[in-house]
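The structure under discussion appears below in the form of structure tokens.
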Amino acid sequence: MEGLSYLALFAFSMPLKYWAGLPEYNIWVGYIHGFLFIAYIALAIMVFVEKNWKRSDLIKLLVASLLPFGTLYMDKYFLQPQLVRQQASNG
């Protein structure tokens, strides 16, 4: 969700702000993106603690939150494979 809010911010609300002179959309999408960013950080820390992940895994997630579309990359190539491995070991 955080990655998609980033995309909405730059693909939807920023053009409306600068090309159409409609700043209110940028304000609301920015609020939503900020909330989702903080939620991503909080959830990354909570999962790190609960699942006893390596510190390097947490660092990867935190760095990904700062890179454009990093959270989308981490979801596909790190979190989804982790989930599959976890389900296979429980299965």
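Numbers at a glance
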{"read-out": "Residue count for the stretch 25-59, restricted to those that are within 16 Å of Gln82 (Cα to Cα), of a type in the set (Phe, Trp, Tyr) and at pLDDT 90 or above", "value": "1"}
{"read-out": "Residue check, Phe35 closer than 27 Å to Leu79 by Cβ and touching a residue at least 12 places away in the same chain (Cβ under 8 Å)", "value": "no"}
{"read-out": "Considering residues of the stretch 49-91 that are over 15 Å from the mean Cα position of the chain (by Cα) and of a type in the set (A, V, I, L, M, F, W, C) only, the residue farthest from Gly34 (Cα to Cα)", "value": "Ala88"}
{"read-out": "Residue check, Trp53 outside any helix (DSSP H, G or I), among the hydrophobic types (A, V, I, L, M, F, W, C) and more than 12 Å from Gly3 (Cβ to Cβ)", "value": "yes"}
{"read-out": "Test: Tyr18 is free of Cβ contacts under 8 Å to residues at least 40 places away in the same chain, closer than 16 Å to Leu79 by Cα, of a type outside the set (A, V, I, L, M, F, W, C) and part of a helix (DSSP H, G or I)", "value": "no"}
{"read-out": "Residue tally, condition more than 14 Å from Glu2 (Cβ to Cβ) and surrounded by 14 or more Cβ atoms within 10 Å (Cβ to Cβ), over the stretch 56-77", "value": "3"}
{"read-out": "Contacts under 7 angstrom Cβ, first residue in the stretch 65-85 being part of a helix (DSSP H, G or I) and among the β-branched types (Val, Ile, Thr), partner at pLDDT 85 or above and surrounded by 11 or more Cβ atoms within 10 Å (Cβ to Cβ), 6 or more apart", "value": "Thr71/Tyr40; Thr71/Ala64; Thr71/Ser65"}
{"read-out": "Residues satisfying the stated conditions in the stretch 6-22, i.e. more than 26 Å from Leu61 (Cβ to Cβ) and surrounded by fewer than 12 Cβ atoms within 10 Å (Cβ to Cβ)", "value": "Tyr18, Trp19, Ala20, Gly21"}
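The values are calculated or read from the model by the stated rules, or taken from the named source; none is laboratory data. It should be emphasised that the depicted structure is a prediction, and the values quoted were computed from it without experimental measurement. With ideal geometry, Cβ positions are generated from the backbone for all residues, glycine too; neighbour counts draw on all protein chains shown.
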